[in-house]
Every structure is written in structure tokens, then in C-alpha cells.
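Q: Can you keep this structure in mind? I'll have questions shortly.
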Amino acid sequence: MSQLFSLFAYGLVLVMLCMVCHAQTIPNASFEQWTSGSPTGWKTSNSPPTWTNIIQSTSAHAGASAVQGTVVSLMDTPIPPSILAGVDGNGFPIASRPDALHGWYKFASVGGDGFTVSVVFSNNSGGVGSGLMADATPASVYREFIVNILWPTGGTPDTVEMVIATFPFTGGHHVGTVFTVDDLAWGPASDVKEIGGIPSSFALEQNFPNPFNPTTNIEFQVPQRSHVSLKVSDVLGREVADLVSEELSPGKYRATLDGATLPSGAYFYHLQAGVFSATKRLMLVK
């Protein structure tokens, strides 16, 4: 009897683990499954036969298909595309606190329209966490986006709502703006923190505090989506820290250098963002 109970308990644990794993999964995250012209597990802005602005695309990042949204015209009125997670658009179950949402996208903007991804986590209908990205930079080939999740409370969510859409930076939507999205997944947060604002030029600021011990902040800005590299080297040119190496949307950012394991002395930090390059000196004093 004890052996039978042990087997039953083991099976129950496996079932519970599978339920938890399933709860953490983004439904149809690679948009491979489609039902009646819409990605299975998602609600779209389609309203057939009046308009269809969400379609299945064969231009996939991986696999056979992706989801594509286009601003279409109805009687000279732009109809923006959107997809919402969940069959009814009200999200799906989750029982963890992911650091960030990752995904891949292509984007063609008309009239300055932007592309946005938002996630909102709730517990018993009360908000516990959220994340947002918005960008108007064209991407003719797939680029990764990372939406860092902020958790202002200690609560664990039971539901996550997710919206992928276009939005107008100025005025209304413009017909012809199109996004393609594929391969969504939870993943690590970006180490660099966005501190707000969309600048008009590239810049690398002097670190603060300087001299420092053991940490210092380095702020920089990028006016357009760029692959950004921020590295620190010693006076002999040897790399001692790789602070940033990723695609970033237009914005102002802050990275933190921890010099706890470095000896006192002068160092240089170098920013490469697209065609922009800049180097500044910092001093660690222990």
C-alpha cells in the first residue's frame, strides 16, 4: 500500500509540475498555430469581412510562420492592427515573476508611426507588474526586442495581459505601417536601465561619481535604434568589463560599473553605437 501511495504521490507531483510549467508558457509564442485567420490563443483586431489587418506571414524568424499587422484603410480611415494575448484578449495564467519579455520583430513605419509591446501582470485583478517598449525605428530584418518588467510590489501574478500593436507618435495612424513579430519568450532583463526621453543626438556622459569606489554610473543616449557596445578597459587596453552589448531603442540609458574586484587606478570606457564612437576616462580609488 505504501508503495502504491508513493507512486500516486509521485504522479501527483509530476502533474502539478506540468501545470506550473504550462502556466509559465506564452501561448502559441511562435505563431505557428492559426485558427480561422487568427493566431490560436490570441485575439486580433480583424473584423471580417469589413477589414483584416492581422495575417499569417511566412516571413518567419524561425519555424514556418509569424504574425503580421498592417494599418489598413476603411473609407479613408486608418484601422490600426493589434493582437492581445488570450482567446478573449484578457491574458493567460502565470504563476511567476519573469524579468523580461523577449521577441523578434520587423517594422516599416509610415508617417512616424511606432511599434509597441506592453505586458501587465495582475493578481486577483490588481496590478503587480508591467513593462512597455515603444519604437518607431524601421527594421527591415528581424531584431530582438526586450521589454523589462518592473515589479513595484511583492505579489506573485496569476494573469498576464499582453498587447502588440502600432501607435501614432504624432497625429493619427498612417496606412501602410506594418509589423511582423515572432518567437516570444520570457528571458533575462537588459542590464542597462532606460532613464527616459528620446534624444536628438548620440552622447556619452562623464561617469558619476568620479573618482568612485566601488560603483559608478555611466549614462549615454541614442537617438535611433542601434546596436550598442559599452566596454571598460585598463590603461594597457585590456578589457575589464563588458557593460552593454545589445540592440537598444531610442532613449537615454544608465549602466553601472562595479569595480569591487578591480585595482585602484585609471580606466577608460568606450561607447560604440552605430557609427557613433566615444571614449572617456574614469578613476577608481580604494
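The values are calculated or read from the model by the stated rules, or taken from the named source; none is laboratory data. This structure is a prediction, so every number in the text was calculated from the model and none was measured. Here the Cβ is made from the backbone with ideal geometry for all residues, glycine too, and neighbour counts use every protein chain on show.
Q: I'd like to check something: does segment 237-253 contain any residue that is aliphatic (A, V, I, L, M), over 25 Å from the mean Cα position of the chain (by Cα) and over 27 Å from His102 (Cβ atoms)?
A: The initial filter retains those residues of segment 237-253 that are aliphatic (A, V, I, L, M), namely 240-241, 243-244, 248.
So of that shortlist, the ones also over 25 Å from the mean Cα position of the chain (by Cα) come out as 240.
Filter once more, so that each one left must be over 27 Å from His102 (Cβ atoms): 240.
Yes, because at least one residue in segment 237-253 is aliphatic (A, V, I, L, M), over 25 Å from the mean Cα position of the chain (by Cα) and over 27 Å from His102 (Cβ atoms).
Q: Hey, could you check segment 122-138 for residues that are within 15 Å of the chain's Cα centre (by Cα) and not β-branched (Val, Ile, Thr) and say which is surrounded by the fewest Cβ atoms within 10 Å (Cβ to Cβ)? Before the answer, list the steps.
A: At the first step, the residues of segment 122-138 found to be within 15 Å of the chain's Cα centre (by Cα) are 129-137.
If we keep only those that are not β-branched (Val, Ile, Thr) as well, we get 129-136.
On the way: Gly129: 20, Ser130: 17, Gly131: 21, Leu132: 14, Met133: 21, Ala134: 17, Asp135: 23, Ala136: 23.
Filtering segment 122-138 for residues that are within 15 Å of the chain's Cα centre (by Cα) and not β-branched (Val, Ile, Thr), the one surrounded by the fewest Cβ atoms within 10 Å (Cβ to Cβ) comes out as Leu132.
Q: Another question, then. Checking the structure you have, find out if any residue of segment 81-103 is farther than 27 Å from Glu194 by Cα, among the polar types (S, T, N, Q) and in contact (Cβ under 8 Å) with a residue 24 or more places away in the chain.
A: Within segment 81-103, one or more residues are farther than 27 Å from Glu194 by Cα, among the polar types (S, T, N, Q) and in contact (Cβ under 8 Å) with a residue 24 or more places away in the chain.
Q: Would you check which residues across segment 20-53 are under 21 Å from Pro168 (Cβ atoms) and assigned to a strand (DSSP E or B) and list them? Before you say what the answer is, go through the steps one by one.
A: Here is the first cut: in segment 20-53, the residues under 21 Å from Pro168 (Cβ atoms) are 44-47, 51-53.
Passing the criteria: Thr44, Ser47, Trp51.
Q: Which numbered condition trips up Val20, out of (1) β-branched (Val, Ile, Thr); (2) modelled with pLDDT of 95 or more; (3) surrounded by fewer than 16 Cβ atoms within 10 Å (Cβ to Cβ)?
A: Just one mismatch for Val20, condition (2).
Q: Within segment 109-126, identify whether any single residue is within 23 Å of Ala29 (Cβ to Cβ), charged (D, E, K, R) and touching a residue at least 24 places away in the same chain (Cβ under 8 Å), and answer yes or no.
A: Within segment 109-126, not a single residue is within 23 Å of Ala29 (Cβ to Cβ), charged (D, E, K, R) and touching a residue at least 24 places away in the same chain (Cβ under 8 Å).
Q: Considering only residues that are outside any strand (DSSP E or B), among the hydrophobic types (A, V, I, L, M, F, W, C) and modelled with pLDDT under 95, look in segment 159-216 and name the one that is surrounded by the most Cβ atoms within 10 Å (Cβ to Cβ). Steps first, answer last, please.
A: Here is the first cut: in segment 159-216, the residues outside any strand (DSSP E or B) are 169-177, 188-192, 195-202, 205-207, 209-211, 213-214.
Checking which are among the hydrophobic types (A, V, I, L, M, F, W, C) leaves us with 169, 175, 189, 192, 195, 198, 202.
Restricting the remaining residues to those that are modelled with pLDDT under 95 gives 169, 189, 192, 195, 198.
Working: Phe169: 12, Ala189: 17, Val192: 22, Ile195: 12, Ile198: 16.
Only one residue tops the list, namely Val192.
Q: Looking at segment 78-113, which of the residues that are over 20 Å from the mean Cα position of the chain (by Cα) and of a type in the set (A, V, I, L, M) is surrounded by the fewest Cβ atoms within 10 Å (Cβ to Cβ)?
A: Val87
Q: Could you tell me whether Gly155 is at pLDDT below 90 and more than 24 Å from Gly196 (Cβ to Cβ)? First the steps, then the outcome.
A: Working: at pLDDT below 90: yes; more than 24 Å from Gly196 (Cβ to Cβ): yes.
Considered against the rule, which asks whether it is at pLDDT below 90 and more than 24 Å from Gly196 (Cβ to Cβ), Gly155 comes out as yes.
Q: With respect to the numbered conditions (1) more than 22 Å from Pro80 (Cα to Cα); (2) in contact with a His (Cβ under 7 Å, 6 or more places away or on another chain); (3) crowded, with 17+ Cβ neighbours inside 10 Å, which one is the sole condition not fulfilled by Tyr142?
A: (1)
Q: If Ile54 satisfies every condition in (1) in contact (Cβ under 8 Å) with a residue 40 or more places away in the chain; (2) of a type outside the set (Ser, Thr, Tyr); (3) surrounded by 19 or more Cβ atoms within 10 Å (Cβ to Cβ) but one, which is the exception?
A: That leaves (1) as the condition not met.
Q: Mind checking which strands (runs of 3 or more DSSP E) fall wholly inside segment 54-152 and carry at least 3 residues that are in contact with a strand residue (DSSP E or B) (Cβ under 8 Å, 6 or more places away or on another chain)? Give the derivation first.
A: On the way: elements: 54-57, 66-70, 72-74, 77-79, 82-85, 100-108, 113-123, 126-135, 139-148.
In segment 54-152, the matching strands (runs of 3 or more DSSP E) lie at 54-57, 66-70, 72-74, 82-85, 100-108, 113-123, 126-135, 139-148.
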